[in-house]
Amino acid sequence: MVMLTAHFQLKLEAFELQVQLQLPATGISVITGASGAGKSLLLRCIAGLESPQIGYCQFKDELWQDSSRRLFLAVYQRPLGYVFQEACLFPHLTVQQNIAYGRKRVALPQAQAHLELVLALLNIKHLLHRKPAKLSGGEKQRVAIARALAVNPKLLLMDEPLASLDQAHKHEILPYLRRLQQELALPIVYVTHSPREITQLADYLVLMEAGKVLASGALQAVLTRLDLPLAQSQRASSVIQAEVLAYDAEFELLQLKFSGGILSLPHTELAKGNLLRLRIYARDVSLSLQPPRLLEASPSLPAQVLAWVDHSSGYTTLSLQVGHEQLLAQLTRKAATLLGLKLGQTVYAEIKNAAILS
């Protein structure tokens, strides 16, 4: 189901935004691309903070903008929340007062029940009487998110909300973002250039370049397209969903099942049946023409070679079919040549490492 349809053409001196985009009605849609690609400008157009020369924006069955009919709803008329890079809290107000700012246009008591849930999900109830100067960077941003959600929006826009935070505070906030989306069933459009945030948060991915949409689609489909920059970089990765089968307490290993086979990963115990998102860097996948000889060897999965692309840096990135999933592997061009790979050939993919993201 399509949530948002957006067509924008906006000229700003030497830069031009030319976008035609449809986003799904569920999950987190991440917009990414290099600095200057137009990510934040696109988000501002969706919010109504910019007025493009040519613009059309429809959210579900609500028409927000149509330049051909001279229709343009102002920001306050669009049922959305907006989180910026900086928390931008009022220093003279408490957390409670900051969150209350702007809630007058929301009907009670439904809004109060919604706010109580938001405060609990973000774990900031104990901060309500503090002022921003007494908050950490991560706490400030959680308050900013709560303020955006306090108006009970139908859509949440987030413009690189973790960019100003250090790694520790980024790690603190990421789980809250996924939990918010799941618990509130609120669609989120999220701008970032961070590979970690992309793989941990995105359900749908939009890749921008020079003011245009280069590609869009389900996360795994876009990540594994060999013609896109994401698959050709040294940080190329795949994301798969796996189910917890068992836990080996002696060696502290989780056994995980996905459509391509079984993986064992070092981790603390998790309940059987839990669904987890795994990130597998292409550089952590090696290939062999023969199946492993030892049962104790690293997980090695039968895979079919779909395609590959050579890079000027001396590497080759391959796309593999493993069960129902596509997996990327990155080898030196020499190693790939020595393997003598052919399209459709069966090989064995050894996954040296995988990160559990959710």
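No other residue among Gln65, Gln20 is polar (S, T, N, Q), over 25 Å from the mean Cα position of the chain (by Cα) and part of a strand (DSSP E or B) apart from Gln65.
The listed residues are Ala148, Ala185, Ala231, and the only one of them that is in contact (Cβ under 8 Å) with a residue 60 or more places away in the chain and more than 30 Å from Leu127 (Cα to Cα) turns out to be Ala231. Screening the candidates Gly323, Gly340 for the property of being in contact with a strand residue (DSSP E or B) (Cβ under 7 Å, 6 or more places away or on another chain), on the phi > 0 side of the Ramachandran plot and not polar (S, T, N, Q) yields one hit, Gly323. For segment 254-271, the criterion of being closer than 21 Å to Thr224 by Cα and more than 27 Å from the chain's Cα centre (by Cα) is satisfied by no residue at all.
Taking each residue of segment 306-320 that is farther than 14 Å from Tyr281 by Cβ and looking for partners that are surrounded by 13 or more Cβ atoms within 10 Å (Cβ to Cβ) and among the acidic types (Asp, Glu) with beta-carbon atoms closer than 6 Å, six or more apart or interchain, yields Thr316/Asp310. Being in contact with a helix residue (DSSP H, G or I) (Cβ under 6 Å, 6 or more places away or on another chain) and farther than 18 Å from Glu183 by Cα is the filter here, so list the residues in segment 114-131 that pass it. Selection gives Leu127, Leu128, Arg130. Only one of the numbered conditions (1) touching a Lys or Arg at 6+ places or on another chain (Cβ under 6 Å); (2) in a loop (DSSP other than H, G, I, E, B) is not met by Leu119, and that is (2). The residue pairs whose first member lies in segment 70-85 and is in a strand (DSSP E or B), whose second member is modelled with pLDDT under 95 and polar (S, T, N, Q), and whose beta carbons are closer than 9 Å, counting only pairs six or more residues apart or on different chains, are Phe72/Ser51; Gly81/Asn152; Val83/Gln141.
When Tyr281 is tested against the conditions (1) touching a helix residue (DSSP H, G or I) at 6+ places or on another chain (Cβ under 9 Å); (2) closer than 25 Å to Gly314 by Cβ, the lone failure is (1).
For segment 181-220, the strands (runs of 3 or more DSSP E) that sit wholly inside it and include 1 or more residues that are buried (at least 24 other Cβ atoms within 10 Å of the Cβ) and aromatic (Phe, Trp, Tyr) are 188-191.
Residues in segment 122-149 that are out of contact with any His (no Cβ under 8 Å at 6 or more places or on another chain) and part of a loop (DSSP other than H, G, I, E, B): Asn123, Ile124, Leu128, His129, Arg130, Leu135.
The values are calculated or read from the model by the stated rules, or taken from the named source; none is laboratory data. Quantities reported herein were computed from a predicted structural model and do not represent experimental measurements. Because the Cβ atoms are built from the backbone with ideal geometry, glycine has one as well, and the counts that use them run over all protein chains shown.
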